[in-house]
Amino acid sequence: MSQFYYLNDEILGSCHLAVGEKNTALFDPGMAWYGEKTVEKIKEIIGDRPIDAVFLTHSHYDHAGALPVIKKYWPDAMVFGAAYAGHVLSKLSAKRLIHELSASAAQLNDAVLPDDYSTRGIQLDQMLIGGETINVGDVCVQSIKTVGHTKDCLSYLIDGHDLLASETIGSINTEEDYMPQFLVSCEEAMKSIDCCRNSGAKKLWLTHYGEVGETTPELWQWFEDGLTAAKHRILEIIRDNETPEEQLKAMEAVFWRPEKKGGWPQKAFDLNAESMLKTIKSENFLSHSKFTK
């Protein structure tokens, strides 16, 4: 069985590495401004061995932004991701947003993007729909469709043991602080928690957090309860605040953690918060129609 590592703990990034006896797979290269440091960490673990494959959980800048940096050092690595991620990354507007947010994140961390950085290098070699098993030599990777955070979210089960769950099931700010991440569907996010629970994984890992621990019924219930509570809290925000501007301010007061390591730009949070507000209004339109605008 391969060894699994979280590489970005000091900035709460998203990059993980699976190292088998002969082969290596990288999951989410992470933020562009931190790409060179991620390369250093990888080389400390695998030495002169190559990265054979890169898997994206989804197409956001803080997960895929450093892909051009990784490909500069390991140009032969095959890049896998959801078919919808391939669609997103084919758009010039998406790549412009990745570059804009990557530059903002760099500035927040008193850094700059590499001089040769270009989002043209962010693309997939093979598209997945979820359910495929990809054998990267002696590292076995099973893709799991986990729609909810985005339409292109995939989670990955490595060697039938370690599950890297996408942001769809939520994020952990602290051991007691659940952060919702359902940008496109709260209902699908709940289904995705079930998919992860039923994957047979023995250990759970999360992007922007790393190792969560052994999977237990209580752990999955914690995520379900957190998702349900967040849904109700956002409904309260919609009810108690009339305008979209007021609702966004309330979302910031409840969910924004500007002190988190990694330096996520304010625009990134606002885009996510606006998406969650829209999702809750849409999925609860009939029962909460007087709160929707």
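The values are calculated or read from the model by the stated rules, or taken from the named source; none is laboratory data. In this text, all values refer to a predicted model and were calculated from it rather than measured experimentally. Note that each Cβ is placed from the backbone with ideal geometry, even for glycine, and that neighbours are counted across all protein chains shown. For the accessible areas, the whole protein counts, side chains as well, though only heavy atoms, and no ligand, DNA or RNA atoms are used. Shrake-Rupley method; radii C 1.70, N 1.55, O 1.52, S 1.80 Å.
A few points about this structure:
- Count of the stretch 235-266 residues which are closer than 17 Å to H149 by Cα and either free of Cβ contacts under 8 Å to residues at least 60 places away in the same chain or in a helix (DSSP H, G or I) (or both): 3
- Among residues of the stretch 220-234 that are under 20 Å from L206 (Cα atoms), those with a beta-carbon under 8 Å from a residue that is open to solvent by 60 Å² or more (accessible area, probe 1.4 Å) at least six positions away or on a different chain give the pairs W220/R197.
- Of all the numbered requirements in (1) of a type outside the set (F, W, Y); (2) under 23 Å from H208 (Cβ atoms); (3) open to solvent by less than 20 Å² (accessible area, probe 1.4 Å); (4) out of contact with any Leu (no Cβ under 7 Å at 6 or more places or on another chain), V54 misses one, and that requirement is (4).
- Where a residue in the stretch 35-63 is under 30 Å from K267 (Cα atoms) and its partner, wherever it lies, is open to solvent by less than 60 Å² (accessible area, probe 1.4 Å) and acidic (D, E), with Cβ under 6 Å and at least six apart: T57/D28; H58/D152; S59/D152; H63/D28
- Tallying residues that are surrounded by fewer than 20 Cβ atoms within 10 Å (Cβ to Cβ) and of a type in the set (A, V, I, L, M, F, W, C) within the stretch 20-44 yields 1.
- Exclusive hit being in a helix (DSSP H, G or I) and out of contact with any Ser or Thr (no Cβ under 8 Å at 6 or more places or on another chain), set A85, A94, A106: A106
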